[in-house]
Amino acid sequence: VFLAVPDDSVLPTAKLVAAAGKRIPESVAFVHLSGALPLAALKPLRARHQIGSFHPLQSFPEPRPPASLRGIVVAVDASSPLLRQRLARLARALGARARRVGDSDRVLYHAGAVFASNYVDALLAGGVRLLEAAGWSEKDATSGLLALAGGTLASVRKRGAVAALTGPVRRGDVTTIERHLSALSGLATDSRSRHGPPVADAYRMLGLIALEIAVEAGLEPAAAERTRRALTEQPAATRRRRRA
């Protein structure tokens, strides 16, 4: 039995089901579909039943056909090897690949999924808004950035994330980075913009993460240090230092 309920409802639902006691045969197993919750979310049922977790590493903003599970990873775990094997077989029957993710790893696993799914959506939405601020229509901005993102994903798939990195941080192009930050900071003063100071802060934060990857990809230390300063200093402070 799969408890397909929101995360906050898994434990209360397990308590309600456990209250049925012997009316439910011990042979019935219960499985939650959460990516972040441990097996302990089903603890009320564990005394009489096998319990497990089955989390498709896929996004479902709306109902999707079974084909959307083909080729994906499904994170599985269970209180017994037998149930874990059954869940792995179910994943394979759906065309997916099963991978065991235990309680100690589930939160990091789910956070990684959030970066690759929810935050990609948020970043694309931010990019669309920036192009709209430059006069693009939402349709044109979305179409253009989706093509760009698709090319990036194809490069990551072919070469890996480190080798696929491009852009001003990868090149150590400090001038371009400073121009970006100046423009993004200026959006906060534009009453027509939906942006505030956080957009520049997000650029800096993501730039520093990209810088770590750029260094791993071979960006020379001197260029990396200049890039780090550009990403951590305020544009006004940078200009004052240059005039001095």
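The values are calculated or read from the model by the stated rules, or taken from the named source; none is laboratory data. Keep in mind that this is a model prediction, so the values were computed, not measured. Ideal geometry is used to build each Cβ from the backbone, glycine not excepted, and the neighbour counts take in all protein chains shown. Each accessible area value is taken on the protein alone, full model and side chains, heavy atoms only, with ligands, DNA and RNA left out. Shrake-Rupley method; radii C 1.70, N 1.55, O 1.52, S 1.80 Å.
Among what's in segment 81-98 and is of a type in the set (Gly, Ala, Ser) and open to solvent by less than 20 Å² (accessible area, probe 1.4 Å), pick the residue that is nearest to the chain's Cα centre (by Cα).
By that ranking, first place goes to Ala96.
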* Asked: Tell me, which residue of segment 23-51 that is out of contact with any Asp or Glu (no Cβ under 7 Å at 6 or more places or on another chain), touching a residue at least 24 places away in the same chain (Cβ under 8 Å) and not aliphatic (A, V, I, L, M) is nearest to His110 (Cα to Cα)?
  -> Gly35
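Any residue at all in segment 14-28 that's of a type in the set (Val, Ile, Thr) and touching a Ser or Thr at 6+ places or on another chain (Cβ under 9 Å)?
no
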* To do: Using the structure shown, decide if Ala147 is among the hydrophobic types (A, V, I, L, M, F, W, C) and free of Cβ contacts under 8 Å to residues at least 12 places away in the same chain.
  => yes
* Which one of Leu153, Leu184, Leu208, Leu130 is modelled with pLDDT under 95 and not charged (D, E, K, R)? -> Leu184
* To do: Evaluate the following for Ala236: is it touching a Leu at 6+ places or on another chain (Cβ under 7 Å) and either at pLDDT 95 or above or not in a loop (DSSP other than H, G, I, E, B) (or both)?
  => no
* **Unique residue being in contact with a helix residue (DSSP H, G or I) (Cβ under 6 Å, 6 or more places away or on another chain) and of a type in the set (S, T, N, Q) when the list is Ser34, Ser9, Ser59, Ser27** => Ser34
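Take the conditions under 27 Å from Thr13 (Cβ atoms) and either assigned to a helix (DSSP H, G or I) or without any contact (Cβ under 8 Å) to a residue 60 or more places away in the chain (or both) and apply them to Leu82. Does it pass?
Yes.
Just name the residue that is most open to solvent (accessible area, probe 1.4 Å) out of those in segment 46-69 that are among the charged types (D, E, K, R) and closer than 23 Å to Ser80 by Cβ. First the steps, then the outcome.
So in segment 46-69, the residues among the charged types (D, E, K, R) come out as 46, 48, 62, 64.
Still in the running and closer than 23 Å to Ser80 by Cβ: 46, 48.
Numbers: Arg46: 123, Arg48: 69 Å².
In this case the residue turns out to be Arg46.
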* Give the number of residues within segment 3-22 that are among the hydrophobic types (A, V, I, L, M, F, W, C), open to solvent by less than 40 Å² (accessible area, probe 1.4 Å) and without any contact (Cβ under 8 Å) to a residue 12 or more places away in the chain. => 1
* Asked: Could you list, in sequence order, the residues of segment 99-150 that are assigned to a loop (DSSP other than H, G, I, E, B) and open to solvent by 70 Å² or more (accessible area, probe 1.4 Å)?
  -> Ala134, Trp136
* To do: Tell me which of these Ala75 doesn't satisfy, since it passes every other one: (1) part of a loop (DSSP other than H, G, I, E, B); (2) farther than 24 Å from Gly21 by Cα; (3) aliphatic (A, V, I, L, M).
  => (1)
